[in-house]
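Remarks on the structure that follows.
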Amino acid sequence: TLRANSTSNSDYSDYEGSGLNNIFFGSNAYFQINNIALEASQKSFKMTFGSEKYSQDGDSVFKNSEFHVYLSKNGTGWTEIDYIFAGTEGGRWNVATANFSVPEGTENLWMAFKVDVASVYRMDDVKLMVSETEGAAVNFAEGVEIDFTAGGTAGGGSGEEPGGGESDATAIYS
């Protein structure tokens, strides 16, 4: 669900978040951004997003093993990618970064975010930027079919930059 509380620019944030609505992951939830058109020269990317984990039960330390990021070239075969979450203190917003390169000829990109633990993770400020530096190679041939809709709820975007987005020339989706 979209939420306006516990914003990414609050006193509980360790990065300069937008403070706008954020995504709260409930039970079996995921967020998907579909069909981002890539230019032929665009092969290396930097993707960032803000996130926080807050649990009323006490374990509020962000865990990459509970928050998964997937890429696809066609929306059906998904490859999980690694990222680095900058935060170490529980219950605080911080930024996650993934540097990756897609195979030559990749025309479109889908991104999906899924959590294993309900009602503790939030996400905001997803940005995809073209990078001059190659990142980890994404092997779409190793992708697996995942039906994110099985028991879950969906969100997503069209791959078009929303109005009022950044004018950073390297950002292709923010």
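Once Rg and the Kirkwood radius are both taken over the C-alpha atoms of the chain, their ratio Rg/Rh works out to 0.94. Placing unit charges on the Cβ atoms only, positive for Lys and Arg and negative for Asp and Glu, gives the chain a dipole magnitude near 260 debye about its Cα centre. Think of each Lys and Arg Cβ as +1 and each Asp and Glu Cβ as -1; about the Cα centre, that makes the dipole of segment 4-60 roughly 320 debye. Excluding same-chain neighbours fewer than eight residues apart, the lysines reachable from Lys53 by a Cα-Cα span under 26 Å are Lys63, Lys114, Lys127. Of the beta bridges in segment 1-127, as assigned by DSSP with both residues counted there, near 95 percent are antiparallel.
Summary of packing: across the peptides 42-54, 90-102, 20-32, 125-137, the per-residue average of other C-beta atoms within 10 Å ranks them, highest first, as 42-54, 90-102, 20-32, 125-137.
Here, each number is a calculation from the coordinates, and none is a lab measurement. Owing to the predicted nature of the structure, the values given are computational and were not obtained by experimental measurement. Reconstructed Cβ throughout: ideal geometry from the backbone, glycine too, with neighbour counts over all protein chains shown.
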